[in-house]
Every structure is written in C-alpha cells, then in structure tokens.
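The next block holds one structure in the form of structure tokens; read it before the comments.
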Amino acid sequence: NDAEELVFGRSVFWDYATDKKNNVYRAAWWVKGIKGGVFQIKNDSLINRTEDFGVESSDVKCLFYDKKLDLLYVGTRDKGVYEIDLSEKITYFKNEHLNIVDIEYAKDALVFLTKNGLKTVSNNKITKQVSNTQFLNYSNE
C-alpha cells in the first residue's frame with residue numbers, strides 16, 4: 001500500500017500549489033529511493049496522485065498552478081513537464097533532457113528554468129530559449 005510505504009523523513013517535498021478548490025498538491029522526490037511524485041494533502045493524509053495524473057516520473061521538483069485555466073504544471077527532473085487540466089485532461093511535454101528546476105508564468109507564456117537555461121513555451125511550443133551561457137553573458141553586461 002503506497003500510503004503505508006510513504007514515511008516522513010524519506011521524501012523531500014520541493015514545492016506546493018493550491019488550486020481554486022483549495023486542494024493542496026506537493027511535489028516530491030525521494031533522495032534515497034523511488035517514492036517521489038505528486039501528492040495531494042487531504043484530511044491530514046498524503047494521497048499519491050502521480051499515476052492518476054499520468055506522470056511517469058518519481059523525480060518531481062516543482063509545481064505551478066494556472067488560476068485562469070485551472071491547470072497544474074508538474075516539472076520533473078527526468079521526464080520534462082506535464083500539464084494537467086484538473087478537469088482530467090493531461091498534456092505532456094515529453095523531453096527527458098529538460099531537467100526542470102522551476103516553472104513560472106510571464107507575459108502569456110510558461111517559462112521553464114532548466115539545468116541548461118530558460119525556455120519559454122506558448123501554445124505547446126518552445127518559442128524562446130536562452131542557454132546558461134547566454135544568460136550569464138547578459139547578466140554580466
């Protein structure tokens with residue numbers, strides 16, 4: 001049973017998001033094992049929603065909730081970004097090399113901070129990319 005196997009102190013919760021219905025979701029990856037994922041806090045319990053949301057990673061690093069569209073974005077360290085319509089529709093940006101660190105929303109586009117730089121996504125397409133080197137050079141100007 002997943003609820004029994006999840007032990008506090010073994011999983012690290014990296015981020016959280018709250019939807020318009022006040023559901024709280026937590027992003028976790030277990031540093032010493034494979035019990036990470038997307039968890040919902042409900043009635044003082046943790047419910048593993050990873051499989052329900054179609055997330056195929058246990059290395060979940062960050063979450064972002066879009067209030068306007070009722071979408072939960074799940075950033076993973078190894079499988080890219082998942083877009084979860086909390087009315088059950090899932091969009092997956094498959095890219096195992098993204099290594100997501102954080103997700104934000106700016107000027108009608110999603111911005112993914114990855115280990116390799118920044119990527120802006122609009123209409124499910126990467127519209128702008130800035131490498132770490134370009135970013136560093138810009139910040140040093």
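The values are calculated or read from the model by the stated rules, or taken from the named source; none is laboratory data. Everything numeric here is computed off the predicted structure, so don't read it as measured data. Because the Cβ atoms are built from the backbone with ideal geometry, glycine has one as well, and the counts that use them run over all protein chains shown. Quick note on the areas: whole protein, heavy atoms, side chains included, nothing else; ligands and nucleic acids left out. Shrake-Rupley method; radii C 1.70, N 1.55, O 1.52, S 1.80 Å.
Among the residues of segment 41-66, the ones that are open to solvent by less than 10 Å² (accessible area, probe 1.4 Å) and more than 23 Å from Ala109 (Cα to Cα) come to 1 in all.
Filtered by the rule that a residue be assigned to a strand (DSSP E or B), charged (D, E, K, R) and over 25 Å from Asn99 (Cβ atoms), segment 12-70 gives a lone residue, Lys42.
Filter segment 117-135 down to the residues that are modelled with pLDDT under 80 and outside any strand (DSSP E or B), then identify the one that is surrounded by the most Cβ atoms within 10 Å (Cβ to Cβ). If we take residues in segment 117-135 being modelled with pLDDT under 80 and outside any strand (DSSP E or B), then Phe135 is surrounded by the most Cβ atoms within 10 Å (Cβ to Cβ).
Taking the criterion of being at pLDDT below 85, of a type outside the set (A, V, I, L, M) and over 19 Å from Tyr82 (Cβ atoms), the residues of segment 3-44 that qualify are Glu4, Glu5, Phe8, Gly9, Arg10, Lys32, Gly33, Asp44.
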